Amino acid sequence: MEIQYIFELLGTYFFAISGALALKDKEPDWFAAMFTGFLTAIGGGTLRDVLLDSYPLVWISDIAFLYAILLGVITTFFFHRTVYKLKKTLMLFDTLGISFFTILGVEKAISLGFRPEIAAIMGMFSGVMGGVIRDTLTNEIPVIFRKEIYATACLAGAGCYLILDSFILRQWNLVISISLIVFIRLLAVSKGLTLPRLK
Amino acid sequence: MEIQYIFELLGTYFFAISGALALKDKEPDWFAAMFTGFLTAIGGGTLRDVLLDSYPLVWISDIAFLYAILLGVITTFFFHRTVYKLKKTLMLFDTLGISFFTILGVEKAISLGFRPEIAAIMGMFSGVMGGVIRDTLTNEIPVIFRKEIYATACLAGAGCYLILDSFILRQWNLVISISLIVFIRLLAVSKGLTLPRLK
Amino acid sequence: MEIQYIFELLGTYFFAISGALALKDKEPDWFAAMFTGFLTAIGGGTLRDVLLDSYPLVWISDIAFLYAILLGVITTFFFHRTVYKLKKTLMLFDTLGISFFTILGVEKAISLGFRPEIAAIMGMFSGVMGGVIRDTLTNEIPVIFRKEIYATACLAGAGCYLILDSFILRQWNLVISISLIVFIRLLAVSKGLTLPRLK
């Protein structure tokens, strides 16, 4: 629990940074950066919990998440030149973020008694919908419609977790499934891997 | 019940096809087509149920809906050239889809004890909001803002159902109200009917 | 209570007008104007109540809100030339609308037992998210990302209300906090005040 909680806060922090940076070319003000950071960080989990009727929402019942977001936005504001230079590092953090959020989302849906298919969708939503909401509000094409494999990596990791669930210890399953998402995503970006397309 | 259930699944299937096809000009990959098909099929009913606090959501408690969507997307992927040529047929299916979903949405709201005005709005939401969510995410102008009468046909059908409700048998009411929506919509498209505009 | 209720209805009426007018350059039809008026008026409060799991939604349990919206849209339709000329007056009404909705939203969250930080966010959501939803659906850049201080004024008023809450009578607090939002917003527009930006 302890370790998972720390990871959730870290994921929230990094998502807030990536959200706050998303508007950079539009020269956002303090509020706009904070708002997109906030939506990116809480959007996916909030959508999941609303769909599953799981209240109170995590960031509403535990104020630490709001402060993790605030810290992420402040980091962006004061160190945005440095952070921007670390774009590759950021991509890595985004990847870690979606990986953790996906698997934690799967676990939450399962623990609430939902079917594996629903849990996989909810995991994927937890990972990617914050970015989708952010992109929709800022008139960008949502990240999941872009070229390289993205949400599909989350679905693959979710499926892996659900299959291994009856066979191995939770700790190992977490490590394996999260690593699988990270691996697929990094491979997709470095090799330009895409799914087949409709033409 | 039996017949209504089959219609709901069929409506879901056709909505998934129309959603998966919506991105065609953007050459979507498997995931993007599946995602837009999914959102189009479940968006309206999900919004209605979240607003009415009616849980669990239909597609979460009955997995058959997910498989109807999956089937719709697979149909689109393997037969998309044929499906696309049948564009007029598809328009018909979309029309059938919004008609059924609207009236079933009205019935659900009434059965949950809500007022007729709210039931009419919830019926219309069930019919058209899936398409609105899809269009918003893909940066298109939502279908309800386009020229020919669309959501208004749903409102008219909903109103018709609510008025006839105390006078005739449910079966007849279903047939009449759904037909009214189909009739208005097809007339609007073939004659280019529009509502009065603000200038 | 009486007075607050009248203000809520008035705010809803003015929000519906501002929403219905938002599409003016696109020559919306009756339905589109009504739909955007509706979303603008109920969007913020609905999002707040869904996030806080506070059901039934206000406009669903009290039909008067729907009629206030309808009246606002009808006003817009019949008097839109006059209304449009009163653009500055409208801006004032929008400002009054966001101010009232923000503070009433804060009060609601507090009365439901939520923390002050959450109440401030929910107040701001009540005030501005209707406009954000409207702008997102109509492919505009949401009002909160535009230049002059907007949502930040709501946050400031919410903070003011929460701080004064233990010290002065509710009536005075309402007047002071709402006035603060109006004051900041009008000052921002007239002087072109903006927050610091990321560059």
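The values are calculated or read from the model by the stated rules, or taken from the named source; none is laboratory data. From a predicted model like this one, the values you see are computed outputs, not experimental measurements. In this analysis, Cβ positions are derived from the backbone assuming ideal geometry, glycine residues included, and neighbour counts consider all displayed protein chains. Calculation scope for accessible area: heavy atoms of the full protein, side chains included, ligands and nucleic acids excluded. Shrake-Rupley method; radii C 1.70, N 1.55, O 1.52, S 1.80 Å.
Observations
- So B:A16, is it at pLDDT 90 or above, buried (at least 24 other Cβ atoms within 10 Å of the Cβ) and more than 7 Å from every other protein chain (Cβ to nearest Cβ): yes
- Listed by position, the helices (runs of 4 or more DSSP H) contained in the range C:96-199 that have at least 3 residues being touching a residue at least 60 places away in the same chain (Cβ under 8 Å) and either farther than 26 Å from A:S61 by Cα or within 14 Å of the chain's Cα centre (by Cα) (or both) are C:116-137, C:170-191.
- Scan of the range B:110-168 for residues that are buried (at least 17 other Cβ atoms within 10 Å of the Cβ), at the interface with chain C (Cβ under 10 Å from one of its Cβ atoms) and among the β-branched types (V, I, T), ordered by number: B:I118, B:I121, B:V128, B:V132, B:I133, B:T136, B:I144, B:I149, B:T152
- Any chance B:L90 is more than 29 Å from C:W59 (Cα to Cα), open to solvent by 20 Å² or more (accessible area, probe 1.4 Å), modelled with pLDDT under 95 and more than 10 Å from every other protein chain (Cβ to nearest Cβ): yes
- Residue within the range A:64-81 that is at the interface with chain C (Cβ under 9 Å from one of its Cβ atoms), more than 18 Å from the chain's Cα centre (by Cα), more than 29 Å from C:L193 (Cβ to Cβ) and open to solvent by less than 50 Å² (accessible area, probe 1.4 Å) present: no
- Of all residues in the range B:19-40 being under 20 Å from B:M124 (Cα atoms) and open to solvent by 10 Å² or more (accessible area, probe 1.4 Å), the one that is farthest from the other protein chains (Cβ to nearest Cβ): B:L39
- Check on C:E8, open to solvent by 20 Å² or more (accessible area, probe 1.4 Å) and without any contact (Cβ under 8 Å) to a residue 60 or more places away in the chain: no
- The conditions of being surrounded by fewer than 21 Cβ atoms within 10 Å (Cβ to Cβ), under 19 Å from C:A20 (Cβ atoms), within 11 Å of another protein chain (Cβ to nearest Cβ) and among the polar types (S, T, N, Q) are met by B:T194.
- Scoring B:S54 on the criteria (1) modelled with pLDDT of 90 or more; (2) surrounded by fewer than 22 Cβ atoms within 10 Å (Cβ to Cβ); (3) part of a helix (DSSP H, G or I); (4) more than 9 Å from chain A (Cβ to nearest Cβ) leaves a single failure, condition (3).
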